[in-house]
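Please read the structure below before turning to the comments.
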Amino acid sequence: MVKTITESILETKQVREAIAEGIVTMILTNNSQSGWDAMIKKGKQNGSYFAVKLAMFLDIVKAIT
């Protein structure tokens, strides 16, 4: 099975770091919104947020064409 661009990006170290940051924050604060915010913040810091957004856009364009 061929992976999408998004699937490939989600396997990167930067994305895993952002997700881990969100999960830890959610567990420590017992607040899912805080976890989500921490994940997005970490993703913006390490560039993975924009990479995932771009990958999703490219996958949509690829599916349309």
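Quick note: the coordinates plus some simple rules give every number you see, no bench work behind them. From a predicted model like this one, the values you see are computed outputs, not experimental measurements. With ideal geometry, Cβ positions are generated from the backbone for all residues, glycine too; neighbour counts draw on all protein chains shown.
For the chain, the set of trypsin sites (Lys or Arg not before Pro) satisfying both a DSSP loop assignment and a count of at most 16 other C-beta atoms within 10 Å is given as K3.
For GluC sites (Glu not before Pro), the sites in the chain that DSSP calls loop and that have at most 10 other Cβ atoms within 10 Å are E11.
Rounded to the nearest 10 degrees, the angle from helix 13-29 to the longest Cα principal axis of the chain is 30 degrees.
Under Stokes-Einstein, with the Kirkwood radius over Cα pairs standing in for Rh, what whole-number D in µm²/s applies to segment 5-64 at 37 °C and 0.692 mPa s? Estimated diffusion coefficient is 279 µm²/s.
Taking every C-alpha pair closer than 8 Å and separated by at least 6 residues, the mean separation divided by the residue count of segment 5-64 gives a relative contact order of 39 percent. Given a cut-off of 23 Å, name the pairs among K13/K53; K3/K62; K13/K42 whose C-alpha atoms lie farther apart than that in the structure shown. Over 23 Å Cα-Cα: none of the listed pairs.
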